[in-house]
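Before any comments, here is the structure.
Readers should treat all values here as calculations from the given coordinates under stated rules, not as data from a laboratory. Because the structure is a prediction, the values reported are computed rather than measured. No Cβ is skipped: glycine too gets one built from the backbone with ideal geometry, and neighbour counts run over all protein chains shown.
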């Protein structure tokens, strides 16, 4: 697959979960996104890759509605409505509209974004604030999602201070918190950065099993991963989206990506193990 293969998607369909069209973003004199076109379909497993500064996180923040493009648009499914219409984020008039979308998404941040408190506090925050659950209603959900990510689910662990967790356990907790929202879309931002190889491999398996389990349960969860981790790509074999100089340079399978002779993709692919440097 050559450099011209990342063609602009044709039209929004019933299977479209996220639609990015001609998205541009400048920060002063620095142009980060130069007309990104991208369709993500319901139930897909996607990895967005590219060198530092290529626009991966900026693109993610536009999809999450945290940034507004200078031109172009981002359309997403509104799972809060029965017919799940696709909506344009730029038309939202207040934060409440964006919050409605976010109630059906789960996000695992690069640094986990856990806050001081217990395991239960961290899982319960969004459920209580966004879905108006009582803490007693949160407990069975917390136990279920903790078990799903291979963490203890007893009362002692629920009341454990998160500051005592290892890096791998903290990442698992962040994933369990995202799953607690029963998300239609789950985003992972550099999920293995800073983890030792053993913990990174466990997270690989967790992302894979979580996506497959959600698919088998017919929820058609869409999984989007920002990553530099070549081992993760090998294990998950996702659809690869590569950004380069603010545009989509490559859109295809991992096999096509790994065999590409592109003068941009080839050296990037070969250097990926260096870019992922566990602490």
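A compact table of results
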read-out	value
0 to 90° range, to nearest 10: angle between helix 135-148 axis and the chain longest Cα axis	60
Most mobile of 110, 15, 202 in a GNM of the chain (Cα contacts under 10 Å)	15
Gained length - residue 271 relative to residue 163, 0.36 nm times residue gap less alpha-carbon distance	35.5 nm
Cα→Cβ-extended label distance, 7 Å offset, between residue 256 and residue 81, nm	3.3
Relative intensity, log₁₀ I(q)/I(0), of the chain from a Debye sum that treats every alpha carbon as a point, q = 0.08, 0.11 Å⁻¹	-0.33, -0.64
Distance (nanometres) between label positions extended 7 Å along Cα→Cβ at residue 131 and residue 220	2.1
The stretch 119-182: C-alpha gyration tensor shape, a/c 1.5 cut-off, then a/b vs b/c	prolate
Using alpha-carbon coordinates, inclination of helix 197-216 to the longest axis of the chain, degrees	90
Acute angle (nearest 10 degrees) that the helix 119-130 long axis makes with the longest principal axis of the chain, alpha-carbon atoms	70
Linear extension gain, residue 99 paired with residue 234, 0.36 nm per residue minus alpha-carbon span	45.1 nm
